[in-house]
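Undergrad: What follows is a structure written as structure tokens; I'll ask about it next.
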Amino acid sequence: MPFYEEYFLGAMMHEAYQDQHKATIAAAEARAEAAGALARRECSSVESAALVADIDLLPMDVAVHGRYTDLNVISARSNFSDPRLWDRLVTTLVFDTGRPVLVAPAKVTLPPKRVAVGWNASAQAVRAVHDALPLLAGAEQVDVVLVDPEPTEQGHGPEPGADIARHLARLGLPNIMVQRVASGGQSVAQTLLRTAVDQAADMIVMGAYGHSRVWEVILGGATKDMLADPKIPIFLAH
């Protein structure tokens, strides 16, 4: 009776899938609770929950929940079994939530003692700096890194980096150092990452540029590599 055999095997496979699905949800809930418990050591008002959604609808659900956070955290692209899902999620977090995003490697030093700020005098860089102020205020040193800066009236001004340094000083941030570095043929992202790593920075703060519909293009090349497997956490804001 092949019909009954096929039905029986199908029922078994369905049951096995249901068991695996329940186990996956239970594991996700346990991780969410563990993360929440860890966060509540520093802030008692932290809430934790596991989000269960269809894979195609996940970015939409992440966008909705991500708008009601102080900071969205996502692990590096290299930690995802589906890199394309990571691309969709980080795109959603950066462009659709209105909140900053922290791309985190396996090991993170928090709070950061030394922070490298990628500065190009853009609106996105301004947003990133102000969103990161709670982290910058607790750092022992803030390095404002400018890659191949040129004096301009409407951008950096006559002395690149001086305006943002004075602004941060007015906000009470100590030990601000402006560093103007040459790319030497590397991309801005590669130069910024190299500078931050060489100086043992604990975090990079930078603006995310462009529009969501061209984010795939923006993520190409060095910037995508920088976010795929970052050596240190990267704080992004748009």
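The values are calculated or read from the model by the stated rules, or taken from the named source; none is laboratory data. All figures in this text were calculated on a predicted structure; none of them were measured in a lab. Note: ideal-geometry Cβ built from the backbone for every residue, glycine included; neighbour counts use all protein chains shown.
Undergrad: Residue check, residue 84 against (1) surrounded by 13 or more Cβ atoms within 10 Å (Cβ to Cβ); (2) assigned to a helix (DSSP H, G or I); (3) not aliphatic (A, V, I, L, M), all met but one. Which one?
TA: Condition (1) is where residue 84 drops out.
Undergrad: Yes or no: segment 111-131 includes at least one residue that is exposed (fewer than 13 other Cβ atoms within 10 Å of the Cβ), in a helix (DSSP H, G or I) and of a type in the set (A, V, I, L, M).
TA: Within segment 111-131, one or more residues are exposed (fewer than 13 other Cβ atoms within 10 Å of the Cβ), in a helix (DSSP H, G or I) and of a type in the set (A, V, I, L, M).
Residue by residue, here is whether (1) in contact with a Gly (Cβ under 8 Å, 6 or more places away or on another chain); (2) over 24 Å from residue 104 (Cα atoms); (3) surrounded by 18 or more Cβ atoms within 10 Å (Cβ to Cβ) holds:
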position	(1), (2), (3)
164	no, yes, yes
168	no, yes, yes
172	no, yes, no
178	yes, yes, yes
186	no, no, no
200	no, no, no
204	yes, no, yes
208	no, no, yes
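Undergrad: Take residue 58 and tell me if it is among the aliphatic types (A, V, I, L, M), touching a His at 6+ places or on another chain (Cβ under 7 Å) and touching a residue at least 12 places away in the same chain (Cβ under 8 Å).
TA: Judged against the criteria, residue 58 is not a match.
Undergrad: Still on this structure, please answer the following. Could you identify the single residue in 15, 33 that is more than 18 Å from residue 95 (Cα to Cα), of a type in the set (Asp, Glu) and either modelled with pLDDT of 80 or more or assigned by TED's automatic domain parsing to the domain that holds residue 229 (or both)?
TA: Only one candidate qualifies: 33.
Undergrad: Considering each residue of segment 143-175, count those that are touching a residue at least 40 places away in the same chain (Cβ under 8 Å), under 14 Å from residue 126 (Cα atoms) and not in a loop (DSSP other than H, G, I, E, B), and give that number.
TA: Going through segment 143-175 one residue at a time, the tally reaches 3.
Undergrad: Which of the residues belonging to segment 61-82 are over 14 Å from residue 98 (Cα atoms) and not aromatic (Phe, Trp, Tyr)?
TA: 61, 74, 75, 76, 77, 78, 79, 81, 82
Undergrad: Closer than 15 Å to residue 149 by Cβ and modelled with pLDDT under 95 - does that describe any residue in segment 173-183?
TA: For segment 173-183, residues closer than 15 Å to residue 149 by Cβ and modelled with pLDDT under 95: present.
Condition check ((1) modelled with pLDDT of 90 or more; (2) within 30 Å of residue 182 (Cβ to Cβ); (3) touching a strand residue (DSSP E or B) at 6+ places or on another chain (Cβ under 8 Å)) across all residues:
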site: 64; (1), (2), (3): yes, no, no
site: 76; (1), (2), (3): no, yes, yes
site: 97; (1), (2), (3): yes, no, yes
site: 117; (1), (2), (3): yes, yes, yes
site: 140; (1), (2), (3): yes, yes, yes
site: 144; (1), (2), (3): yes, yes, yes
